[in-house]
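All of the numbers you see were taken from the coordinates with simple rules; none came from a lab. Treat the numbers as computed from the prediction; the structure is a model and nothing was measured. Counting neighbours? That spans all protein chains shown, and the Cβs are built from the backbone with ideal geometry, glycine included.
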Amino acid sequence: MLSRKNKLLVMKFVSLFSVVRGYNIPIIVLAQYLSAIFILAPEKRALSILLDFDLFIIVFVSSLTIASGYIINNFYDSKKDLINRPNKSMLDRLVSQKTKLYVYFTLNFIVALLAIIVSWRAFLYFSAYIFLIWYYSHRIKKYPIIGNLTAALLAILPFFAILLYYKNLYEVIIGHATFLFLLLLIREMIKDLENIKGDLANDYKTIPIIYGEEISKKIITFLTISTIIPIYVLIEIFDVGYMDIYFYSCLIILIFFLIHLWKHNTKEQYVLLHNVLKFLIVAGVFCIILINPSVLWHGEKLLRSI
């Protein structure tokens, strides 16, 4: 049996894990590697990408930056989260604000140290990324439209780090990035509907608070319909292999998403719609392998032969 002191230590570790959203980071790492193998550097062998030390550092640094971003976001949103997410907020409060800041600065120091190993460009990129996350959490997120756009942009910046590393800018990459950006932007808009009470109490000037829920739903509808453009481009113009199954499925799910959006206006329904979008984003990560499944088959044969 654990002593009371050890139990408290375990609970604080769980609390910190919740603050940095440790359950999200492995998905982001997987997304970065799959994007590198199938989209950003398709001309390279999968094994050479997996064994690339500099790429590993970039992915690891991205993970630490995202973790520190969640910490500073949690730091500024502590009062709002007490209203919007009371259960998670109580767990997160097991770690003091002082400890959160200590971990935040420690992670950022490690990021800077590791990034400079790769190159001075990587150092500048991640330094700018850290600053943008802080400025977003401190000020930008309280404002409508620009806050939503910045949040969606920050979510895809880790993939641009890999893009800059390989120095490849295929047109198909723009198609994938546009679709992902739209999904992330829609998710941010849904979060505003979901968090109206906490945002209103803490003077956050979001779209549903300033312009009303109906205007917010109209913007979400426009953005959702806009996803047809990158989906059409990816399926009809570029070769995405069997991943077209994923994009067709997305279209069907997004139709039902819009129906439910206009049919309901409770927080529980907005949370459900938020989870639907998270499912589409996570499913998209795993479906990247459908672009060329033979890569994994050849990789497995190669590993068996070693």
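Given the C-alpha centroids of the stretch 183-201 and the stretch 79-156, what is the distance between them in whole angstrom?
18
What ranking of Trp120, Trp262 emerges when the number of other C-beta atoms within 10 Å of each C-beta is taken as an exposure proxy, fewest first? Could you put the intermediate results ahead of the total?
Details: Trp120 9, Trp262 12.
Listed from fewest to most nearby Cβ atoms, that is Trp120, Trp262.
Pulled fully out, how much extra length does the chain show between Ile225 and Leu94, if you take 0.36 nm times their separation in residues and subtract their Cα-Cα distance?
Working it through step by step, the gained length comes to 42.9 nm.
Label points 7 Å out from Cα along the Cβ direction at Arg139 and Ile215: separation in nm?
2.4
Modelling each spin label as a point 7 Å along the Cα-to-Cβ direction, I'd like the Thr266/Arg4 distance in nm, to one decimal.
4.1
How large is ³J(HN,Hα) for each residue in the stretch 37-51, as worked out from phi by the Karplus curve 6.51 cos²θ - 1.76 cosθ + 1.60 (θ = phi - 60°), to whole Hz, x for Gly and Pro?
Using θ = phi - 60°, the values come out as 6, 9, 10, 7, 9, x, 7, 8, 5, 4, 5, 5, 5, 5, 9 Hz.
If you add up the charges near Met11, with Lys and Arg at +1 and Asp and Glu at -1, over every other residue whose beta carbon is less than 13 angstrom from its beta carbon, what do you get?
Net of charged neighbours comes to +4.
Mind listing which trypsin sites (Lys or Arg not before Pro) in the stretch 52-140 are in a DSSP loop and have 13 or fewer other Cβ atoms within 10 Å?
On the way: sites: Lys79, Lys80, Lys88, Arg93, Lys98, Lys100, Arg121, Arg139; in loops: Arg93, Arg139.
Within the stretch 52-140, the qualifying trypsin sites (Lys or Arg not before Pro) (loop, at most 13 other Cβ atoms within 10 Å) are Arg139.
Test of understanding: extend the Cα→C-beta vector of Glu171 to 7 Å, then name every residue of the stretch 204-235 with backbone N under 14 Å from that spot.
230, 232-235
Run the paramagnetic zone check for Leu290: 7 angstrom along Cα to Cβ, then residues of the stretch 153-190 with backbone nitrogen under 16 Å.
What the label zone holds, given the 16 Å backbone N cut-off, is 176, 179-180.
Based on Cβ point charges of +1 for Lys and Arg and -1 for Asp and Glu, what charge dipole magnitude is obtained for the stretch 10-305 about its Cα centre, in debye rounded to the nearest 20?
Numbers: 27 positive and 19 negative charges, 190 e Å.
The dipole of the stretch 10-305 has a size of about 920 debye.
Compute the signed sum of charges (Lys and Arg +1, Asp and Glu -1) over the other residues within less than 13 Å, Cβ to Cβ, of Arg121.
Values: positive: Lys167; negative: Asp54.
Its environment carries a net charge of 0.
Placing +1 on the Cβ of each Lys and Arg and -1 on the Cβ of each Asp and Glu in the chain, which of Tyr204, Ile156, Tyr270 has its Cα farthest towards the positive end of the resulting dipole?
Working it through, the farthest residue towards the positive pole turns out to be Tyr204.
Checking the cross-link filter: which lysines have an alpha carbon closer than 29 Å to that of Lys98, excluding same-chain neighbours under 8 positions apart?
Within the straight-line limit of under 29 Å, Lys98 reaches these lysines: Lys5, Lys7, Lys12, Lys79, Lys80, Lys88, Lys141, Lys142, Lys191, Lys197, Lys205.
First check a/c for the chain, with a ≥ b ≥ c the square roots of the eigenvalues of its C-alpha gyration tensor; if it is under 1.5, answer rounded, and if not, answer prolate when a/b is larger than b/c or oblate otherwise. Kindly include the intermediate steps, with their values, before the conclusion.
Numbers: a/c = 1.70, a/b = 1.12, b/c = 1.52.
Oblate.
If you place +1 on the Cβ of every Lys and Arg, -1 on the Cβ of every Asp and Glu, and leave all else neutral, what size is the dipole of the stretch 144-286 about its Cα centre, to the nearest 20 Debye?
Values: 10 positive and 12 negative charges, 47 e Å.
Value, rounded to 20: 220 debye.
With the contact rule set at Cα under 8 Å and sequence spacing of 6 or more, what percent relative contact order holds for the stretch 1-101? Mind dumping the intermediate values first?
Numbers: 56 pairs, mean separation 40.7, N = 101.
Rounded, it is 40 percent for the stretch 1-101.
With label points built 7 Å along Cα→Cβ from the Cα atoms of Ile156 and Ile27, find their separation and express it in nm.
1.8
Please compute the contact order of the chain in relative form: average sequence separation of alpha-carbon pairs under 8 Å and at least six residues apart, divided by the residue count, as a percent. Each step should come with its number before you reach the end.
Working: 296 pairs, mean separation 62.2, N = 306.
It rounds to 20 percent for the chain.
Which chymotrypsin sites (Phe, Trp or Tyr not before Pro) does the stretch 1-57 hold that lie in a coil by DSSP with at most 13 other beta carbons within 10 Å?
Those that pass, being in a loop and sparsely packed, are Tyr23.
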